[in-house]
Amino acid sequence: MTHLRETPWDKRNFNINTYEVLTTDDEALQETDQNEGHYTLKVRPLENPKPLLDHGFYYVDTLIEPVCKKDNLTRFSAEHASLSKAYDPEEILKIASEVFVHGRFHRDFNIPNSLADKRYMNWVNDLINDEKIIALNYDNDTAGFYGLDGDKVLLLGMREEYRSRGLAKAFTSMACSEQLKSGYDELRTSISAANVASLNLFYALGFRLKNTVDVYHKLNGEVT
């Protein structure tokens, strides 16, 4: 399978082989016809989608990929807001169970929402185990969490009662500042075009659009 990369972190959730397709060459598309599995393919928005559709791929999302130079980060603060790497994992997982509604697997009509939920919950649990989660605290309460990996901002989740209170800017800018202490010149993230609130948040922090990609899925077989 020279044109495919296995994604075992997805396979464990969907009970079928899962792959990322590395190119839109005809040989790669034919390979997805020959092997059972669930496939992800990311392409430039202006790329002709007809060959993809002819091979059974379907559009699921557009990802916007903003970046922020270190000197361009706008910093916000809020009274009673703080960060912590010491937290109750169950509190983080409880928040995670309530926040993932914009994920591409939730938009995939071949994936039951219960399995899409499982996929994101497992991802957060992996990040907890890898010490890549920062808790967002308000006084002594866990208000949310921030996931990171190197110079990437991966996830942001907040409990419902702390949303729409102006805290997201403070929490996120504080976490970005902490992340930049590792020596990065810029931070980057990836946001679904459907997630307008998150796009507005990162724009307010100084992130600017650098790239966009369209995401297509294909299911050759059955997810159970």
Checklist entry - Quick check: anything in region 138-159 surrounded by 21 or more Cβ atoms within 10 Å (Cβ to Cβ) and over 17 Å from the mean Cα position of the chain (by Cα)? => result yes
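When the residues of region 1-43 are narrowed to those that are among the acidic types (Asp, Glu) and crowded, with 18+ Cβ neighbours inside 10 Å, which ends up nearest to residue 62 (Cα to Cα)?
Narrowing region 1-43 to residues among the acidic types (Asp, Glu): 6, 10, 20, 25-27, 31, 33, 36.
If we keep only those that are crowded, with 18+ Cβ neighbours inside 10 Å too, we end up with 10, 31.
Details: 10: 19, 31: 24 Å.
If we take residues in region 1-43 being among the acidic types (Asp, Glu) and crowded, with 18+ Cβ neighbours inside 10 Å, then 10 is nearest to residue 62 (Cα to Cα).
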Checklist outcome for this item: Within region 117-153, residues within 17 Å of residue 167 (Cα to Cα) and in contact with a Gly (Cβ under 7 Å, 6 or more places away or on another chain) come out as 136, 144, 145
Checklist entry - Just one of the numbered conditions (1) more than 21 Å from residue 123 (Cβ to Cβ); (2) of a type in the set (A, V, I, L, M, F, W, C); (3) within 19 Å of the chain's Cα centre (by Cα) is not true of residue 73; which one? => result (3)
Checklist entry - From the set of residues in region 182-218 that are part of a loop (DSSP other than H, G, I, E, B) and hydroxyl-bearing (Ser, Thr, Tyr), which is surrounded by the fewest Cβ atoms within 10 Å (Cβ to Cβ)? => result 182
Checklist entry - Is region 82-95 home to any residue that is over 26 Å from residue 169 (Cβ atoms), touching a Gly at 6+ places or on another chain (Cβ under 9 Å) and buried (at least 19 other Cβ atoms within 10 Å of the Cβ)? => result no
Checklist entry - For residue 193, all conditions in the list (1) farther than 20 Å from residue 42 by Cβ; (2) among the small types (Gly, Ala, Ser); (3) at pLDDT below 95; (4) touching a helix residue (DSSP H, G or I) at 6+ places or on another chain (Cβ under 8 Å) hold save one; what is the number of the exception? => result (1)
Checklist entry - Which of the following residues is aliphatic (A, V, I, L, M), closer than 20 Å to residue 144 by Cα and at pLDDT 95 or above: 83, 73, 53? => result 83
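Is it the case, given these coordinates, that residue 155 is under 16 Å from residue 99 (Cα atoms) and touching a helix residue (DSSP H, G or I) at 6+ places or on another chain (Cβ under 8 Å)?
Numbers: under 16 Å from residue 99 (Cα atoms): yes; touching a helix residue (DSSP H, G or I) at 6+ places or on another chain (Cβ under 8 Å): yes.
Spelling it out, residue 155 is indeed under 16 Å from residue 99 (Cα atoms) and touching a helix residue (DSSP H, G or I) at 6+ places or on another chain (Cβ under 8 Å).
If I ask for residues that are out of contact with any strand residue (DSSP E or B) (no Cβ under 9 Å at 6 or more places or on another chain) and either of a type outside the set (Gly, Ala, Ser) or in contact (Cβ under 8 Å) with a residue 24 or more places away in the chain (or both), which ones from region 107-127 would you list?
Filtering region 107-127 for residues out of contact with any strand residue (DSSP E or B) (no Cβ under 9 Å at 6 or more places or on another chain) gives 112-119, 121-122, 125-126.
Answer for region 107-127, where residues must be out of contact with any strand residue (DSSP E or B) (no Cβ under 9 Å at 6 or more places or on another chain) and either of a type outside the set (Gly, Ala, Ser) or in contact (Cβ under 8 Å) with a residue 24 or more places away in the chain (or both): 112, 113, 115, 117, 118, 119, 121, 122, 125, 126.
The values are calculated or read from the model by the stated rules, or taken from the named source; none is laboratory data. Computed from a predicted structure; not experimentally measured. Cβ: placed from backbone, ideal geometry, glycine included. Neighbour counts: every protein chain shown.
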